[in-house]
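Colleague: Next up is a structure, given as structure tokens.
The values are calculated or read from the model by the stated rules, or taken from the named source; none is laboratory data. All values derive from a computational prediction rather than experimental measurement. Note: ideal-geometry Cβ built from the backbone for every residue, glycine included; neighbour counts use all protein chains shown. What goes into the accessible areas is simple: the full protein's heavy atoms, side chains included, and nothing from ligands, DNA or RNA. Shrake-Rupley method; radii C 1.70, N 1.55, O 1.52, S 1.80 Å.
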Amino acid sequence: MADPSSQSIVIDAAPADVMAVIADFAAYPQWTGSVKFCEVQDVYPDGRGETVHFVIDAGMVKDDYVLRYDWSDDGAVSWELVRGQLQKAQHGSYRLVAEAGSTRVTYTLAVDLNVPMLGVLRRKAEKVIMDTALKELKRRVEG
């Protein structure tokens, strides 16, 4: 697995409100630019998604994949790729930390593709994905 990249943003909301948006997979196609389909396949006893099926279309990058989520009690959620077409591995996480009436969200992501890609290009793509995802999350939570 490739080395992960990380990026952070501050959102003017409580961590619980931010996590509620992250956990609401059914709404992703409404507020994310690239997620065209999102369906929870399996749920944990608390109702949060365990395995989630995604179809994304980000222009030149299209994929159909399933992620398995692990929700922690300390303000974090992580995930691993179960299966994908373009991806052969993905590990990511959101870590939420309360900060004076707001929440710092740190997104960490590492992706390996089934097609060869130079490390510098892969890291640049990860940074674009994270930047876009964090800005969309902020807009959704604060909007």
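Here's the yes/no breakdown for (1) closer than 27 Å to Ala16 by Cβ; (2) open to solvent by 50 Å² or more (accessible area, probe 1.4 Å):
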site	(1), (2)
Ser34	yes, no
Gly49	yes, no
Val52	yes, no
Asp74	yes, yes
Arg83	no, yes
Ala100	yes, yes
Thr108	yes, no
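Colleague: Would you confirm whether any residue within the stretch 87-94 is open to solvent by 20 Å² or more (accessible area, probe 1.4 Å), touching a strand residue (DSSP E or B) at 6+ places or on another chain (Cβ under 9 Å), in a loop (DSSP other than H, G, I, E, B) and not hydroxyl-bearing (Ser, Thr, Tyr)?
Modeller: There is no residue in the stretch 87-94 that is open to solvent by 20 Å² or more (accessible area, probe 1.4 Å), touching a strand residue (DSSP E or B) at 6+ places or on another chain (Cβ under 9 Å), in a loop (DSSP other than H, G, I, E, B) and not hydroxyl-bearing (Ser, Thr, Tyr).
Colleague: Something else: Quick one: how many residues across the stretch 6-20 are more than 15 Å from Met130 (Cβ to Cβ) and either open to solvent by less than 30 Å² (accessible area, probe 1.4 Å) or among the charged types (D, E, K, R) (or both)?
Modeller: 5
Colleague: Which of (1) in contact (Cβ under 8 Å) with a residue 24 or more places away in the chain; (2) closer than 19 Å to Asp131 by Cα is the odd one out, the single condition Ala89 does not satisfy?
Modeller: Unmet for Ala89, out of (1) in contact (Cβ under 8 Å) with a residue 24 or more places away in the chain; (2) closer than 19 Å to Asp131 by Cα: (2).
Colleague: Give me the pairs: first residue in the stretch 34-52 and under 15 Å from Asp73 (Cα atoms), second residue acidic (Asp, Glu) and open to solvent by less than 60 Å² (accessible area, probe 1.4 Å), beta-carbon distance under 9 Å, and six or more apart or on different chains, which are they?
Modeller: Final answer for the pair search is Tyr44/Glu50.
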